[in-house]
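Everything below concerns the one structure shown next.
The values are calculated or read from the model by the stated rules, or taken from the named source; none is laboratory data. As the structure is a prediction and not an experimental result, all values here were calculated from the model. As a convention, Cβ positions derive from the backbone with ideal geometry for all residues, glycine included, and neighbour counts pool all protein chains shown. Surface areas here come from the heavy atoms of the whole protein model, side chains and all, with no ligands, DNA or RNA. Shrake-Rupley method; radii C 1.70, N 1.55, O 1.52, S 1.80 Å.
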Amino acid sequence: MGITETGDESSAKKMRRRIPASIESLDADILCIIFSFLNLFDLVHCTVVCNSWHAVIKKLKLLQASCRKMHHLGSDFPSSSTSAEIDVEDFAMKHHKMTLLRGRIEIERWEAHSHRVSQCRMKKGLLLTGVGDKIMRLWSLKSYKCMEEYSLPDAASLIDFDFDESKIVGLVGTRISIWRRNGQRSIFPSREGTFPKGLCMRYIDPEAVVGCEDGTARVFDMYSKTCSQIIRTQGGPITCLSLSENQVFLSGSSLGRVTVSDPLLDQPVATLKSTITAGGIQTICFNQGTNLAFTGTTGGYVSCWDLRKMGRLWEKRVSPNVVYSIQQLRNDTSVMVAGGIDGVLRVIDQNSGRVLSRFIMDDKVSTILRRDNQVVIEKRRGKRVSQDMEMDKIERKVRPQISCIAMGMKKIVTAHNGKCISVWKFNL
């Protein structure tokens, strides 16, 4: 006599059939096969997805094997394979540096705004662009599709902005505006005479800091909508800001001074000044891991400041003209990129200020693609130029001025104070 299934057993089998297979159901052998097809950069990313993936990659020494392969290809990665755990972050940064210095360069450009775009911010595969017209646009860097548009209030001008997972914060005229990512906007009103002309803005929840033309830095609580502190730097108009996670923030002025401030104090902690006439400071960025700050000036100088000793480590003239933007990866202690009015993208050694490589666009357009969303993508090659080449002899159309830089792993996004945004992709 056959064995009959009870109702409960039959239902359980049906449920098992309906449950789709997931990545968690793959055993170590299958994962190993999949991981073996990945390059070092992607393999490093996989180690931080979950504990099980990290365990498989570590047990099978896939990172060591990939490192040996990179070494045989001529990289500066160590070739030894030991049982010690590899510093994943260190290898990711080394791979990033090697890709910038040795990889091939592909550039994809598209018209992001009808008038002009001078600033861009990049986070987690998204790019926010604006300043120049009455709209900010949020783009997918995978499809170049415009995900959202954010209109400016009234007739006020957008001066600066940034964004995170839930909101966009903008300095608009003499107000701070907050857009929720669903499109709703709340305006931070200011009383007449309380908020002078702002030149720059940065924020770390719950506070935003505005650098003003009168030389003050004003700290605002974005949720109570109140000004909690006014810091008088006495260093001239504040042109740029950089915030750190330990409450301290840095400001650069048109008089060439770097001011270190604490939101809890109404006076600066320290003021740093160049020993040479390097011009006003246009851009500033801070490396949280090394406590080093980097500034770019109107005179083409890039400087490194040690905030532990409150002094300057080095100062180099990297460009004959204004340096508008300097950026680095969050945990990178080796290189940074700089761009300015001469339109040359430079990779600079953080420890010495030496220019390691210089890039411009090729004058030939290789292909033009039209995406489903009707965005026309122009593809070009990027090329490296030697240190002794005179920039004045290179046509301006292949080196449009770089007004802003956003940096990611193996990619750099540049705005040019024109209609187009450029994405520089680096691959070995």
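Below are the figures for this structure:
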{"item": "Failed item in (1) modelled with pLDDT of 75 or more; (2) hydroxyl-bearing (Ser, Thr, Tyr); (3) not in a helix (DSSP H, G or I), with THR99 passing the rest", "result": "(3)"}
{"item": "Top-ranked residue of the stretch 348-360 - restricted to ones that are part of a strand (DSSP E or B) and touching a residue at least 24 places away in the same chain (Cβ under 8 Å), ranked as surrounded by the fewest Cβ atoms within 10 Å (Cβ to Cβ)", "result": "LEU356"}
{"item": "Subset of the stretch 361-407 (residues that are open to solvent by 60 Å² or more (accessible area, probe 1.4 Å), part of a loop (DSSP other than H, G, I, E, B) and either over 19 Å from ASP342 (Cα atoms) or of a type outside the set (A, V, I, L, M) (or both))", "result": "ARG371, ASP372, GLN374, GLN387, ASP388, GLU390, GLU395"}
{"item": "Per-region count, the stretch 192-221, residues modelled with pLDDT of 90 or more and charged (D, E, K, R)", "result": "5"}
{"item": "Options SER244, SER224; residue that is more than 17 Å from GLN328 (Cα to Cα), at pLDDT below 95 and among the hydroxyl-bearing types (Ser, Thr, Tyr)", "result": "SER224"}
{"item": "Of residues in the stretch 285-322 being open to solvent by less than 60 Å² (accessible area, probe 1.4 Å), polar (S, T, N, Q) and under 21 Å from the mean Cα position of the chain (by Cα), the one nearest to LEU255 (Cα to Cα)", "result": "THR297"}
{"item": "Every residue from the stretch 236-264 that is among the β-branched types (Val, Ile, Thr) and within 13 Å of SER274 (Cα to Cα)", "result": "VAL258, THR259"}
{"item": "Of the criteria (1) modelled with pLDDT under 95; (2) in contact with a strand residue (DSSP E or B) (Cβ under 6 Å, 6 or more places away or on another chain), which one ASP87 fails", "result": "(2)"}
{"item": "The one condition in (1) assigned to a loop (DSSP other than H, G, I, E, B); (2) open to solvent by 20 Å² or more (accessible area, probe 1.4 Å); (3) over 20 Å from ARG312 (Cα atoms) that TYR203 fails to fulfil", "result": "(1)"}
{"item": "Considering residues of the stretch 170-184 that are more than 14 Å from GLY198 (Cα to Cα) and not in a loop (DSSP other than H, G, I, E, B) only, the residue most open to solvent (accessible area, probe 1.4 Å)", "result": "ARG180"}
{"item": "Residue within the stretch 120-135 that is of a type in the set (A, V, I, L, M), open to solvent by 40 Å² or more (accessible area, probe 1.4 Å) and without any contact (Cβ under 8 Å) to a residue 24 or more places away in the chain present", "result": "yes"}
{"item": "Residues (assigned to a loop (DSSP other than H, G, I, E, B) and either among the polar types (S, T, N, Q) or closer than 18 Å to PHE426 by Cβ (or both)) located in the stretch 319-329", "result": "SER319, ASN321, GLN328, LEU329"}
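Yes or no, residue by residue, for (1) in a strand (DSSP E or B); (2) in contact (Cβ under 8 Å) with a residue 60 or more places away in the chain:
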| position | (1), (2) |
| --- | --- |
| LEU250 | yes, no |
| PHE294 | yes, no |
| LYS309 | no, no |
| VAL337 | yes, yes |
| ARG346 | yes, no |
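Results for (1) among the aromatic types (Phe, Trp, Tyr); (2) at pLDDT 95 or above, shown as yes or no for each residue.
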position: TYR324; (1), (2): yes, yes
position: GLN327; (1), (2): no, yes
position: ASP332; (1), (2): no, no
position: MET336; (1), (2): no, yes
position: LEU345; (1), (2): no, yes
position: VAL365; (1), (2): no, no
